[in-house]
1. Just to verify a number: what accessible area does W141 come out at with the full protein assembly present, 1.4 Å probe, Å² rounded to tens?
2. With every protein chain kept in place and ligands, DNA and RNA left out, what is the accessible area per residue of the chain? Probe 1.4 Å, answer in Å².
3. Cβ under 11 Å from G7's Cβ, G7 left aside: what net charge do those residues give with Lys, Arg +1 and Asp, Glu -1?
4. With helices defined as uninterrupted DSSP H runs, which ones in the chain have an alpha carbon span along their own long axis of at least 15 Å and mean Kyte-Doolittle hydropathy of at least -0.5?
5. Using a Gaussian network model of the chain whose springs link C-alpha atoms within less than 10 Å, name the residue from L198, L70, L259 with the highest mean-square fluctuation.
6. So what's the back-of-envelope 222 nm ellipticity for the chain, counting only DSSP H runs of four-plus at -39500 (n - 2.57) apiece and dividing by all residues, rounded to 500?
7. Under the definition of Cα pairs under 8 Å and six or more residues apart, what whole-number percent is the relative contact order of the chain?
8. Return the inverse of the average 1/r over all pairs of distinct C-alpha atoms in region 194-235, which is the Kirkwood hydrodynamic radius, in Å to one decimal.
Amino acid sequence: MVFYLVGLGLGDAKDITVKGLEIVKSADRVYLEAYTSILTVGKEALERFYGRSVILADRDTVEQGSDEILENAAQEDVVFLVVGDPFGATTHSDLVLRAKEKNIPWKVVHNASIMNAVGCCGLQLYNFGETVSIVFWTDSWRPDSFCEKINSNLKRGLHTLCLLDIKMKEQTVENMMRGRKIYEPPRFMTVSTACQQLLEVTKNNPESEFSSDTLCVGLSRVGSEDQRIAAATLRELSEYEDMGKPLHSLIVVGKVHPLEQEYLEQFFLNEKSCR
């Protein structure tokens, strides 16, 4: 028996691979990881397409209750479904290590992820540097350490893919302290919010490699029918509210090859951005 990590791709229920679908249909238990990313369809759509039930696995289940997922996996096939590719988040590597500790055989079925599908905007993948994550700021917590990587990439002429924050099943500090299982509504960072935070960084760091005039690319729902791409300056995207539904991603553009420029021009919001 095997513990399978199966990638779902980025779009809807039909983006699963043929191999992955065969495994899902024959498995004893199927879990859907539901906090590092989301599909454009819900669990019910997956169940209809797969013809079987799917167990929703939230952050607590994956990070603290992994023993429940791996229970009896040495005697039965267990599938863990991940939006995108299974190794797009370190949490899933941890699951593999836990399976190895328990001598449970494991296999991975890969699929498309934002890390490679981002090439849809015309920027070539081998011209990207380190990927960063941008989190929601609060009144008392405004981390900007990720900017070091953006600056490092720009110095080398490389693009930076910025993965934007997702808040799923989050609690307020008060509810956490009181032990109340009351959760806030889901929140998904938009391209405009990410750009606003980056602009704040430039105000406090005049030596930053990026500025309000730096070319950036906003993307939403990559891999779905309503995918959107917009290219403009950092300031223009900070004011752009028409990127569509989540999930959003942002690219801070480095040195642009003529072929990249030609492809990217179809997504520019205006002529000024194109310079």
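The values are calculated or read from the model by the stated rules, or taken from the named source; none is laboratory data. Everything numeric here is computed off the predicted structure, so don't read it as measured data. Don't worry about glycine lacking a Cβ; one is built from the backbone with ideal geometry, like all the others, and counts go over all protein chains shown. To get the accessible areas, we keep the full protein, side chains included, count just its heavy atoms, and leave off ligands, DNA and RNA. Shrake-Rupley method; radii C 1.70, N 1.55, O 1.52, S 1.80 Å.
1. 130 Å²
2. 52 Å²
3. -2
4. Qualifying helices: 191-204.
5. Sorting by GNM fluctuation, first place goes to L259.
6. Per the formula, -8000 deg cm²/dmol.
7. 19 percent
8. Kirkwood hydrodynamic radius for region 194-235: 11.4 Å.
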